[in-house]
1. Taking the chain as the reference, fit the longest principal axis to its C-alpha atoms, fit the long axis of helix 62-74 to the helix C-alpha atoms, and give the angle between the two in degrees, 0 to 90, nearest 10.
2. With the other protein chains left in place, how much accessible area per residue, in square angstrom, belongs to the chain at a 1.4 angstrom probe?
3. Based on DSSP H runs of at least 4 residues, each adding -39500 (n - 2.57), what is the mean residue ellipticity at 222 nm of the chain after dividing by all its residues, to the nearest 500 deg cm²/dmol?
4. Would you mind calculating the relative contact order of the chain from Cα pairs under 8 angstrom and at least 6 residues apart, reporting the percent as a whole number?
5. Placing +1 at every Lys and Arg Cβ and -1 at every Asp and Glu Cβ, with all other atoms neutral, what dipole size does the chain have around its Cα centre, in debye to the nearest 20?
6. Largest first, how would V66, V44 line up by accessible area (1.4 Å probe)?
7. Could you point to the label whose value was computed as P(r) over Cα pairs in 10 Å bins from 0, in percent for the structure here, given (1) 15, 32, 29, 21, 3, 0; (2) 14, 30, 14, 16, 19, 7, 0; (3) 13, 20, 20, 21, 14, 9, 2?
Amino acid sequence: MKKLGAEGVQPRDAAARLRMHPFYAAKLYSQADGFSAEELHSSVARLAELDGALKGRSRLAPDLEVQRALVDLTRRPEPPSRPT
């Protein structure tokens, strides 16, 4: 949704393109505005890692993998360091 919004696609048009309900698309548009493209990309990548871990790519217990992913996904980004 973030990418479509940046291209100027309206939520209703995105809903038709993605075959989803227009109300749902509008909600996703407003939620995506609260995140940078980099934050969304890293979150999707982390969820893909979790998916692999839950499907056997990790020796850790599944509940621990979920907890680790939640910590990673909810961690506030560090502010850029200021030159001293």
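The values are calculated or read from the model by the stated rules, or taken from the named source; none is laboratory data. For clarity, every value in this text was computed on a predicted model and none was experimentally measured. Every residue, glycine among them, receives a Cβ derived from its backbone with ideal geometry; neighbour counts consider all protein chains shown. Quick note on the areas: whole protein, heavy atoms, side chains included, nothing else; ligands and nucleic acids left out. Shrake-Rupley method; radii C 1.70, N 1.55, O 1.52, S 1.80 Å.
1. Taking Cα atoms only, the helix is inclined about 60 degrees.
2. Values: 7210 Å² over 84 residues.
Averaged over the residues of the chain, the accessible area is 86 Å².
3. Values: 5 runs with 53 residues, N = 84.
Helix-only estimate at 222 nm: -19000 deg cm²/dmol.
4. On the way: 40 pairs, mean separation 17.4, N = 84.
Across the chain, relative contact order equals 21 percent.
5. Numbers: 14 positive and 11 negative charges, 25 e Å.
Result for the chain is approximately 120 debye, rounded to the nearest 20.
6. Numbers: V66 55, V44 100 Å².
Per-residue accessible area, sorted high to low, gives V44, V66.
7. Derived directly from the coordinates: (1).
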